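Report on one structure; see the data block that follows.
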Amino acid sequence: MTEMQHHVENAVLRLNAVSAGYGSRMILEGLSLEVSRGEIFALLGGNGAGKSTTLRVLLGFLKPSGGEVTLAGQDVAADPAAARAHVAYVAENVALYEHLSARENLAYLLTLAGVAAEASRIEGALDAVGLDAAARGRRLSGYSKGMRQKTAIALAVARQVPVLLLDEPTSGLDPRAISEFHDLLDVLRARGTAILMVTHDLLGATQIADRIGFLSQGRLTQVADKADGSAFDINSLYQAYQTAQPGQAA
Ligand SMILES: Nc1ncnc2c1ncn2[C@@H]1O[C@H](COP(=O)(O)OP(=O)(O)OP(=O)(O)O)[C@@H](O)[C@H]1O
């Protein structure tokens, strides 16, 4: 297999020259971005840069006016429901059932997703995310934000989806919860999950991401790759971030 083929086959999440917007207002203008198996891509950009719009396009809720979007090889525009079967999306404010326990949430949501809700699958997923065993039978209404997030990610683990989309996952988490969250992302990366994480946390991104991209005016203006050590220096990235946001405070 050639280098090029290898790259394309490993790209589980792929946006190719995507343009999308609302009415006549274009937000994404020829955005190309790929995330491979076992890769964490952090997407940064100022308010209104189009990060959430990118997630909406990936989830098939906003149809691009140009370009292609594929998840695990499935064209999103051709069959959004089929594409969504390959992806788990964890919003900033995790949407789960407050009156149900973590176990009950998983059992219910797995059933809705058409996945067998066996106890062993549920416990295995809750083990993988490190949710305290004593809390698993308690209602979510008493959970911290970090525990809710673990529960939401456990659903992704139990569904065995190849793609995970995270929207500002560390906002509102304390340093210890952020560190646990990063450990969890490490586990998912090792399992081969392709992770796209929208964040404002540049420091956290340098700690956990393999690549960091800056979105500005509907395009990726900079992509830093951890494999190139110097490119992951926080100071130069901060400057790149500022440059990517003309007229905006970072
Ligand atoms: N449903 C909508 N209809 C019209 N315009 C919208 C809609 N949703 C978002 N926009 C506009 O699209 C632009 C990009 O929004 P988007 O939410 O993608 O930005 P973002 O990068 O996620 O920003 P933030 O960091 O503030 O969450 C913004 O100017 C926003 O006002």
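So here's what we get for this one:
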item: Filter result (within 13 Å of the ligand (Cβ to nearest atom), hydrophobic (A, V, I, L, M, F, W, C) and buried (at least 17 other Cβ atoms within 10 Å of the Cβ)) within segment 49-79; result: A49, L55, V57, L58, L59, L62
item: Residue match in segment 80-95 (condition: among the hydroxyl-bearing types (S, T, Y), part of a strand (DSSP E or B), within 17 Å of the chain's Cα centre (by Cα) and surrounded by 17 or more Cβ atoms within 10 Å (Cβ to Cβ)); result: yes
item: Segment 35-66 - residue that is touching a Leu at 6+ places or on another chain (Cβ under 7 Å) and not aliphatic (A, V, I, L, M) and, of those, nearest to D210 (Cα to Cα); result: F41
item: Some residue of segment 212-227 being away from the ligand (no atom under 16 Å from the Cβ), in contact (Cβ under 8 Å) with a residue 60 or more places away in the chain and basic (K, R); result: no
item: Looking only at segment 202-220, and only at residues there that are part of a loop (DSSP other than H, G, I, E, B) and in contact with an Asp or Glu (Cβ under 8 Å, 6 or more places away or on another chain), the one that is surrounded by the most Cβ atoms within 10 Å (Cβ to Cβ); result: G218
item: Positions within segment 221-239 being of a type outside the set (G, A, S), in a strand (DSSP E or B) and crowded, with 16+ Cβ neighbours inside 10 Å, in sequence order; result: T221, Q222
item: Which listed residue, of A77, A91, is closer than 18 Å to A156 by Cβ and in contact with an Asp or Glu (Cβ under 8 Å, 6 or more places away or on another chain); result: A91
item: Filter result for I40 (within 16 Å of the ligand (Cβ to nearest atom) and either touching a strand residue (DSSP E or B) at 6+ places or on another chain (Cβ under 8 Å) or modelled with pLDDT of 95 or more (or both)); result: no
item: Residue that is closer than 15 Å to A194 by Cβ and not hydroxyl-bearing (S, T, Y), where the choices are A77, A42, A81, A91; result: A42
item: Residues being under 13 Å from V35 (Cα atoms) and basic (K, R) - total across segment 183-234; result: 2
item: Residue in segment 57-64 that is among the basic types (K, R), assigned to a loop (DSSP other than H, G, I, E, B) and at pLDDT 95 or above present; result: yes
item: I27, sole failed condition from (1) over 29 Å from D186 (Cβ atoms); (2) within 16 Å of the ligand (Cβ to nearest atom); (3) surrounded by fewer than 20 Cβ atoms within 10 Å (Cβ to Cβ); result: (3)
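The values are calculated or read from the model by the stated rules, or taken from the named source; none is laboratory data. Only a predicted model underlies this, so the values are computations on that prediction, with no experimental measurement involved. Quick reminder, even Gly has a Cβ in these numbers, built from the backbone with ideal geometry, and neighbours come from all protein chains shown.
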